[in-house]
Amino acid sequence: MLKLQDLVKAYRTDEVETVALNNVNIEIETGEFVAIMGPSGCGKSTLLNIIGMLDTPSSGHYFFKDEDVAGYSEAQLGVIRKQHIGFIFQSFNLIDELSVFENIELALLYHDIPASDRKERVNAVMDKVGIAHRAKHMPSQLSGGQQQRVAVARAVVGNQSMILADEPTGNLDTAHGQEVMEMLQKLNEEGTTIVMVTHSPSHADYARRTINLLDGHVVTESMRA
Amino acid sequence: MFQNHVKIAIRSILKNKLYAIINILGLTMGLSIYLFGGLMANYEYTHDTFFKNYDRVYTIRGEVNPLAGIGIGQVDNVPSGVAPVMKAELEEVEAIARTIFRDFLVSINEDNYYENVRFADAELLDIFDFEFIIGDKSALSNSTGIIISESYAKKFFGDQDPIGKTITLDHEHDLSINAVIRDLPQNSHFSSGVLPMLTRPLNIIIPMSAMERITDFQPDTNWTSTSTGNLTYVMLPETLDQQWLQDQLPGIYERHFPEEQRSFLSGMLTRPLIDANTALWDTIGLPVITIIEILGLMVLIIACVNYTNLATAQSMGRSREVGLRKTLGAGRTQLLTQFIIESITTTMIALVLAITVLEIIIPLFNSATGKILSIDYLSDLPMLLATALIVGLVAGAYPAYVISKESPISALRDSGRKGRGAVWIRASMIAVQFIFSVGILAAVLVVYEQNKKVEENSQIFPKEQVFTLDRLNVEQMEDRHEVLRNEIMNIPYVEQFSLSSQVPYEQTNTNIKASRVLNDFSAAINFNQLNIDDQFAVLYDIPIVAGRNISRDIAMDTHIRENKAVNVLVNEIAAKVIGFESSAAAVGQVFYEDEGDRGITTYTIVGVLEDRNILGMFNDVKPFFFFKRDASYRVASIKLSKNASFDVVDDIEEVWTEVYPDYPMQGKYLNETFQMVYMLFELATSSLATFALFALFLAAIGLFGLAAYMAEQKTREIGIRKVLGASNNQIIRLLIWQFSTPVLWATPIALGLSYYASNKYLEIFADRISLPYGMLLAAGIGGIVISWLTVATQAFTIAKTNPVNALYHE
């Protein structure tokens, strides 16, 4: 699915250069469920942003489906991103002014899909994540777990082949966290590649592979039996 | 504490320079315009207050009979016959006096000048306490003594004693100077007109008792003549008020007004003296000063709304400061005070700048208009400060409220999110701004287009090519009219010469009642009368559609009063309204005029002229009839060839001086006659345009502020949209759309308002531009385009930010 080769991301201010990622080499196969762990400031989110093409590396290569996208412009990245990648954030990032249905539909609005089609797909995905009965509610009327389910629905409604989740359970209690993890697992079993940043070892256990980062380096990689 | 507030206010102004400059500039603009409008209105409304008895003096106005069809509701005067009967019947009245204007050729020493003089009743001096430099109130008591103004005395007699010196009117009537009065200040109705050229300063006062001798006009028994500026003043004792006076007028009207005059004036009204100078606007039906006040206030409101909007937007960046202050124990009132002091400080800075602007503009305005506006700091300062205080309070109240109501935690967290309500309120404010400014803009376009039409219509006469000589209707000049014609026709470049009683664009109506049935004038039609020579139709290029032109060789073509009959020309519309089937059918037919004691005159139509709008401007083409009457010509029109050199006017003057050595030449191009009236309309366009420009500019600034604020609010939403695949273009389109929604729904309201206002304005004109829809639409589109340009920069900036920044914003 994707391959990072000698990837470096450095932030430069007037006086100091901060290296967020240093010579990172990672390969992720289609259909994998990968967890990225590490202490605060180790570069997890930067890595996820680069994989998600929200940010660009300073040097090195990023092969996405055998295409080196490292030097692509923002617009080019945008095209790939909207076709293949879905995002889930810790803070849900739903739009307060839109209803549940509209929030999910938003992801399709940028895909040239006729309205009737959109309605069908949004309804289907709402059923899948169990939020259909809340279709007309506004985000502020939902619990955190429900909001995150909407976010998951939004991430997959466009048939994205990869989901990037940045601490998806960070704002949720244990029960709701569990629910979201099971949902991700189910998606993975259906073939979606999932890359997840997390602090929680128990949630990392849902993944088949765990990558540990420290100060911008990959320190260990472990596979679950 | 207060000092601390002011210090913080100044620092925060310095810190946010862009916002501060926009704020201060906007408020300066708003305050300047509002204050200027206020000063001007106040100036116009306080005329004549320096007269001791001003609050007891009233003028009598005529209420125009709607059936008279002259398009105005009131005139500022009544016939001069009214005053004597009022004096006889109303014993309670302290004094009544009339003034009547006349133009004369005035000779002093050996020099001749045209001068506007006033005939006045002696009681005028009881009503107005003029300051006598020499002489006293008895000056008007004999019919050959006159009063002149100080500056007039100085101009003609220098340091000599003017008393007893002789002034001659029309080379015929000698008058001697009895008294000299101090010049009146500019802010008196005696000396101020709407335009400098309409201003007739009080230079020569002649006793009313001399009027009949000098002019044949009988003021005490005249019930037919009304003319703007010929006022009748009434001074009441302190115990009586305007209502009392008003109540007496219907009785006087009923008992004395001649029957035939009632179709013109249907009643009489009173007005306080201080209104006398603004009377012209009432007559036209355009309350200009009120309009200026309202527009000034609108612009100020727009400026306030701007401040409110920008300050609220800007306060988002300061919630951290507020949270901190709250955590440290600042109460809500203290925070409110702090932010309001900040807005008042800004307004005070704007006030100082606005006063500077006014001090620069007022002298320019004064020299352009001949008015004497000034800021009297002693009496105006409280008003100025109060205005700034109120503006600061009004503009600062909402942002202060919004920012101080937050809980310290959410303020510290700087969530940057406010409820929908706040945005809604501010979007409405933007809408109000655009309603005002697009509304004014639309009105400007309509007024401009209509003026253009008036100007285009005026092109039917070659006004740049015609030079006119005025004031030929003096007995001593009449027998040399033909000499003048022959001499002038000899000048190179002169193509034609014509004499007439009036020329195009002059707003004078001389009417007769014309009837086709002898002895029955019940269904008579109003015809405008114009006395012309045989060259008039040729010079002004008016085709003869039927019959023939009048000729000097046919005896019946020249009017001689004793004949009671004359051959005339009519225009097409006259032929039609009096009932002829066609122009050709009218030729050879007759109509009659009942001249009362003088009997009935028979007019035989020998030719029909094509319709031409002789009065031009706002008038409809009126029914006219034209005939030759040699003793009635006032103006000579001289048509010059297109390539005529400027010297030709010198040549004309030379000829004039030879023919009429005793009379100064009164020459001007026909275009100047046109411009005299047209200027009023242009004035309307240019002042409206100024308001519209300022209003739009301010509204655009306001929108910029709202866009900046909304942009701040929307960074997260935009981040989400981008992550979901929205392109920059899609985002920009979305933002521009969202930012300009208030403008979009303000536009139809604005256009509705200006549609109403423009229609009111167009009603003044007979020949109006067809439908102002296009114009209104253009203004609406203009407003929307301006709003889009304003928000586009904001939209571009946010659309280009990396979505990551937005998403981790919390």
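The values are calculated or read from the model by the stated rules, or taken from the named source; none is laboratory data. The structure displayed is predicted, hence computed values, not measured ones. Here Cβ is always computed from backbone atoms with ideal geometry, including for glycine, and neighbour counts include all displayed protein chains.
Just a few scattered comments:
- Cross-chain or 6+ apart pairs with Cβ under 9 Å, region A:36-47 first and over 15 Å from A:THR18 (Cβ atoms) and away from chain B (no Cβ under 14 Å), then among the polar types (S, T, N, Q) and surrounded by 22 or more Cβ atoms within 10 Å (Cβ to Cβ): A:ILE36/A:THR198; A:MET37/A:THR198
- Taking the numbered list (1) within 14 Å of chain B (Cβ to nearest Cβ); (2) under 19 Å from the mean Cα position of the chain (by Cα); (3) more than 21 Å from B:ASN729 (Cβ to Cβ) in turn, A:LYS128 passes all entries but (1).
- Some residue of region B:772-783 being loosely packed, with under 14 Cβ neighbours inside 10 Å, at pLDDT below 85 and not basic (Lys, Arg): yes
- Scanning region B:738-748 for residues that are more than 14 Å from every other protein chain (Cβ to nearest Cβ) and of a type outside the set (Gly, Ala, Ser) returns B:PHE739, B:PRO742, B:VAL743, B:LEU744, B:TRP745, B:THR747, B:PRO748.
- When residues in region A:211-225 are screened for being assigned to a loop (DSSP other than H, G, I, E, B) and among the charged types (D, E, K, R), 2 of them pass.
- Qualifying residue in region B:242-253 (condition: under 27 Å from B:PHE190 (Cα atoms) and small (Gly, Ala, Ser)): no
- For the condition aromatic (Phe, Trp, Tyr) and either crowded, with 18+ Cβ neighbours inside 10 Å or under 29 Å from the mean Cα position of the chain (by Cα) (or both), B:PHE646 does not qualify.
Per-residue answers, yes or no, for (1) of a type in the set (A, V, I, L, M, F, W, C); (2) at the interface with another protein chain (Cβ under 10 Å from one of its Cβ atoms); (3) farther than 21 Å from B:THR715 by Cα:
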| residue | (1), (2), (3) |
| --- | --- |
| A:SER58 | no, no, yes |
| A:GLU67 | no, no, yes |
| A:GLY78 | no, yes, no |
| A:LEU98 | yes, yes, no |
| A:LEU106 | yes, yes, no |
| A:ARG118 | no, no, yes |
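- Subset of region B:47-67 that is assigned to a loop (DSSP other than H, G, I, E, B) and farther than 16 Å from B:ASN366 by Cβ - its residue that is modelled with the lowest pLDDT: B:ASN65
- B:ILE133 over 31 Å from the mean Cα position of the chain (by Cα), of a type in the set (A, V, I, L, M) and within 29 Å of B:THR369 (Cβ to Cβ): yes
- Selected residue (only one of B:PHE691, B:PHE704, B:PHE674 is of a type outside the set (S, T, N, Q), surrounded by 21 or more Cβ atoms within 10 Å (Cβ to Cβ) and either at pLDDT 85 or above or not in a helix (DSSP H, G or I) (or both)): B:PHE674
- Candidates A:ASP166, A:ASP173, filtered to the one that is more than 14 Å from chain B (Cβ to nearest Cβ) and of a type in the set (D, E, K, R): A:ASP173
- Selection of region B:494-523 for residues being in contact (Cβ under 8 Å) with a residue 24 or more places away in the chain and among the hydrophobic types (A, V, I, L, M, F, W, C) yields B:VAL494, B:PHE497, B:LEU499, B:VAL503, B:ILE512, B:ALA514, B:VAL517, B:LEU518, B:PHE521.
- Among the residues making up region B:714-729, those that are within 7 Å of another protein chain (Cβ to nearest Cβ), in a helix (DSSP H, G or I) and of a type in the set (A, V, I, L, M) are B:ILE720, B:VAL723.
- Among the conditions (1) modelled with pLDDT under 90; (2) assigned to a helix (DSSP H, G or I), the only one that B:ILE70 does not satisfy is (2).
Yes/no matrix, rows are residues, columns are (1) of a type in the set (Phe, Trp, Tyr); (2) free of Cβ contacts under 8 Å to residues at least 40 places away in the same chain; (3) outside any helix (DSSP H, G or I):
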| site | (1), (2), (3) |
| --- | --- |
| B:ASN230 | no, no, yes |
| B:LEU249 | no, no, no |
| B:GLU254 | no, yes, no |
| B:ARG271 | no, no, yes |
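- Here A:SER140 passes the criteria (1) closer than 27 Å to A:GLY41 by Cα; (2) modelled with pLDDT under 90; (3) within 14 Å of chain B (Cβ to nearest Cβ) except the one numbered (1).
- Considering residues of region A:1-58 that are more than 17 Å from the chain's Cα centre (by Cα) and of a type in the set (Asp, Glu) only, the residue nearest to A:GLU221 (Cα to Cα): A:ASP6
- Matching residues, region B:8-50, being crowded, with 19+ Cβ neighbours inside 10 Å and farther than 23 Å from B:LEU693 by Cβ: B:ALA9, B:SER12, B:GLU44, B:HIS47, B:ASP48
- Top-ranked residue in region A:80-96 [being surrounded by 18 or more Cβ atoms within 10 Å (Cβ to Cβ), aliphatic (A, V, I, L, M) and touching a strand residue (DSSP E or B) at 6+ places or on another chain (Cβ under 8 Å); ranked as nearest to the other protein chains (Cβ to nearest Cβ)]: A:ILE85
- Here A:GLU179 meets the list (1) under 25 Å from A:LYS82 (Cβ atoms); (2) acidic (Asp, Glu); (3) surrounded by 13 or more Cβ atoms within 10 Å (Cβ to Cβ) almost entirely, failing just condition (1).
- When B:ILE769 is tested against (1) outside any helix (DSSP H, G or I); (2) within 14 Å of another protein chain (Cβ to nearest Cβ); (3) farther than 30 Å from A:HIS84 by Cα, just one condition goes unmet, and that condition is (2).
- Condition met for B:LEU31 (in a helix (DSSP H, G or I), free of Cβ contacts under 8 Å to residues at least 12 places away in the same chain and not β-branched (Val, Ile, Thr)): no
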